[in-house]
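Enquirer: One structure coming up, written as structure tokens, with questions to follow.
The values are calculated or read from the model by the stated rules, or taken from the named source; none is laboratory data. Source: prediction; values computed, not measured. Please note: Cβ atoms are built from the backbone with ideal geometry, for glycine as well, and neighbour counts cover all protein chains shown. Keep in mind that these areas ignore ligands, DNA and RNA; they rest on the heavy atoms of the full protein, side chains included. Shrake-Rupley method; radii C 1.70, N 1.55, O 1.52, S 1.80 Å.
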Amino acid sequence: MADVHVDKSVDARGSYCPGPLMELIKTVKTAEVGQVVEVLSSDQGSAKDIPEWVKKVGHGLLYNEKAQDGDYWRIAVKKAK
Amino acid sequence: MADAPKLSLVLMSPDMEKIHAGALMGTIAAASGMEVNIFATMDALKMFLKETVEKQDFKIGEIGNKLMEKKVDPYYKMIEDAKDMGELKVYACSLVVDVMGWEKEDMLDIVDDIIGVTAFFGIAEGGQIMVL
């Protein structure tokens, strides 16, 4: 995680499914190809759902892990196209 | 995206929970690159009237009430967002519109057109159809 440069970060904690994914998609849309977008989510489904969306649309998943400092996930996506 | 996989959702029930689930699945499908067509018919079409949303006059159960209480984006907001993210169209059933004496202007702006089942089958052809 430490060596990943995050260009845009979205704090979607407190938002219910599919809110974090929707926030991520909106942000990825405005990012440049090659940029990294990170989303913070407290929704139970995000850790499973976001990687599935990333795979489906062909971006890159850099990390998907539970934060050490709380009950939420940090997920980073590299825009591929 | 003529070659995109296609999903068509037939909404029949006016239950808030079913409309919400349908809107959610349609939104994710559209955001994942699928072509999505929602055909709202029978009592489900009432959920696409401006009047219903203005009065928040929903047929709603325990889960639907919880969704509203927790301010989860409502179905019409999800559909609006989905239209920005991908290919999603909403069609109103012409039979219901005619028997109820409704007009296109009575419908929410997310409704793209009023069509019959024949036209809907043409649009849905070759894709999956889900009925809720």
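Enquirer: Non-local amide H neighbours of A:G14 (under 5 Å, H modeled in plane, Pro and chain starts lacking H): which ones?
Expert: A:S42, A:D43
Enquirer: Determine the shielding of peptide B:109-122 by partner chains: average, over its residues, the number of Cβ atoms on other chains within 10 angstrom of each Cβ.
Expert: Working: counts 0, 0, 0, 0, 0, 0, 0, 0, 0, 0, 0, 0, 0, 0.
That works out to 0 on average.
Enquirer: Continuing with this model, one more query. Counting only protein heavy atoms and rolling a 1.4 Å probe, how much accessible area do B and A lose on contact, total for both sides, in Å² to 100?
Expert: Numbers: alone 7160 and 4860 Å², together 11050 Å².
Counting both chains, the buried surface is close to 1000 Å².
Enquirer: Also, I was wondering about something else. Need the C-alpha centroid separation for the range B:71-121 versus the range A:18-48, integer Å.
Expert: For the range B:71-121 versus the range A:18-48, the Cα centre distance is 27 Å.
Enquirer: Something else now. Out of all DSSP beta bridges with both ends in the range B:6-131, state the antiparallel percent to the nearest 5.
Expert: On the way: 1 of 21 bridges.
For the range B:6-131, the DSSP antiparallel bridge percentage is about 5.
Enquirer: In addition: Near the amide H of A:L61, under 5 Å away, which other amide H atoms are found, from residues 5 or more places off or on another chain, if H is placed in the peptide plane?
Expert: Distant-sequence amide H within range of A:L61: A:K78.
Enquirer: Whenever you get a sec, compute what percent of the accessible area on the range B:6-131 sits on carbon and sulfur atoms (1.4 Å probe). Don't skip to the end; give the middle numbers.
Expert: Details: 3260 of 6140 Å².
Ligands and nucleic acids excluded, carbon and sulfur give 53 percent.
Enquirer: Here's something else I'd like to know. Which cross-chain or sequence-distant (5 or more) residues have an amide H under 5 Å from the amide H of B:K6, H modelled 1.01 Å from N in plane?
Expert: Result for B:K6 returns B:E35, B:Q128.
Enquirer: Hey, got the average number of other protein chain Cβ atoms within 10 angstrom for residues in B:79-87? Don't jump to the answer; show the numbers that get you there.
Expert: On the way: counts 0, 0, 4, 2, 0, 4, 4, 2, 0.
Mean inter-chain Cβ contacts per residue within 10 Å come to 2.
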